[in-house]
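Engineer: Structure in structure tokens, see below.
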Amino acid sequence: MRAAHFVRSATRLARLSFVPEISLYQVDDIYALWARTERELGRAGLPPPFWGVAWPGGLALARYLLDHPALVTGRTVLDFGAGSGLVGIAAAKAGAASVMTSEPDPLGRAAIALNAAINGVAAAVCVDGAYGGAAGITAEVVLAGDVWYERDLAEHVSGYLADAAARGARVLTGDIGRRYFPRGRYQCLASYEVPASLDLEGTQALHASVWQANRACPASGD
Ligand SMILES: C[S@@+](CC[C@H](N)C(=O)[O-])C[C@H]1O[C@@H](n2cnc3c(N)ncnc32)[C@H](O)[C@@H]1O
């Protein structure tokens with residue numbers, strides 16, 4: 001199965017109502033896509049195809065970046081847990097010098113490449129499966145949309161983003177108040193009502209916020 005062909009055949013290209021600057025290959029029914037993916041790959045127990053949906057935390061973060069381009073203009077950016085690439089694509093459209101997207105799902109990486117191309121930012125957006133490793137060490141801005149839904153992942157992300165903030169990167173995340181978000185380490189920058197999937201979230205609109213990681217206090221005398 002060719003990943004790009006699969007992504008195109010399983011989705012429809014649609015403009016995001018909340019972020020109309022961006023169109024994505026999306027699915028209406030993520031559970032049907034999940035079943036189809038497992039069937040066609042001949043594997044059970046795969047993670048959900050996160051890449052088929054624009055998640056509410058990511059929508060809020062993408063909106064914020066497009067409305068505050070100075071945060072990323074001319075800077076190197078990492079989109080951690082990129083899914084469809086929504087957040088990284090918004091950063092590229094806002095003028096980032098380069099965007100590395102980190103996404104472990106190979107179909108997700110195919111979707112990011114397709115989505116970057118259809119939004120005219122393929123040259124700026126690189127696709128990586130390396131969990132943000134190398135790029136995370138150097139990126140000036142680290143972004144993470146909707147990554148606080150699972151304890152193990154949240155622990156990993158939390159440490160990773162704290163390290164990035166400690167070395168001076170600006171770290172922004174979008175979240176709807178999911179269970180494992182370490183709110184005490186972040187400051188809220190903005191909040192929105194964003195559209196949500198009734199199937200996934202049990203509601204069609206959610207309150208989503210954009211948060212910035214607190215930077216470590218400089219040592220006295222600095
Ligand atoms: C809920 S989705 C959010 C996707 C996108 N940021 C958005 O807001 O639409 C979370 C994403 O994190 C990715 N992910 C899971 N574990 C990861 C890891 N260890 N490193 C990087 N990404 C990971 C998942 O594959 C998924 O695409």
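Engineer: Only Lys, Arg, Asp and Glu count, each charged at its Cβ (+1, +1, -1, -1), so figure out the dipole size of the chain about its Cα centre, rounded to 20 debye.
Structural biologist: With Lys and Arg at +1 and Asp and Glu at -1, about 240 debye.
Engineer: Taking the DSSP beta bridges in segment 71-174 as the whole, what percent of them are antiparallel, to the nearest 5?
Structural biologist: Of the beta bridges lying entirely in segment 71-174, close to 5 percent run antiparallel.
Engineer: Once you sort the root eigenvalues of the Cα gyration tensor of segment 150-193 as a ≥ b ≥ c, which label holds: rounded (a/c under 1.5), prolate (a/b larger than b/c) or oblate (the other case)?
Structural biologist: Oblate is the answer for segment 150-193, as a/c is 1.5 or above yet b/c matches or exceeds a/b.
Engineer: Given axes a ≥ b ≥ c from the Cα gyration tensor, I'd like to know whether segment 54-213 is rounded (a/c under 1.5), prolate (a/b larger than b/c) or oblate.
Structural biologist: In terms of gyration-tensor shape, rounded.
Engineer: Here is a further query. What is the packing order of peptides 200-209, 25-34, 166-175, taking the mean over residues of other C-beta atoms within 10 Å and listing the highest first?
Structural biologist: 166-175, 25-34, 200-209
Engineer: Then there's this: Calculate how many DSSP beta bridges within the chain are antiparallel, expressed in % of all such bridges and rounded to the nearest 5.
Structural biologist: Details: 18 of 36 bridges.
If we restrict to bridges inside the chain, about 50 percent are antiparallel.
Engineer: Taking the Cβ-Cβ separation of E21 and C188 as r and a Förster radius of 22 Å, what is the calculated FRET efficiency to the nearest 0.05?
Structural biologist: So the FRET efficiency works out to roughly 0.40.
Engineer: Here's another thing I want to ask about it. Tell me the relative contact order for the chain as a rounded percent, counting alpha carbon contacts under 8 Å between residues six or more apart.
Structural biologist: Computed value for the chain: 19 percent relative contact order.
Engineer: Is the C-alpha gyration tensor of segment 1-92 telling us rounded, prolate or oblate? Criteria: a/c under 1.5 is rounded; beyond that, a/b larger than b/c is prolate, otherwise oblate.
Structural biologist: Judged from the Cα gyration tensor, segment 1-92 comes out prolate (a/c at least 1.5, a/b above b/c).
Engineer: Report the full-extension gain for the segment L13 to Y180: residue separation times 0.36 nm, less the Cα-Cα distance, to one decimal in nm.
Structural biologist: 57.0 nm is the gain from fully extending L13 to Y180.
The numbers here are math on the coordinates, done by the rules we state, and not lab data. Treat the numbers as computed from the prediction; the structure is a model and nothing was measured. Because the Cβ atoms are built from the backbone with ideal geometry, glycine has one as well, and the counts that use them run over all protein chains shown.
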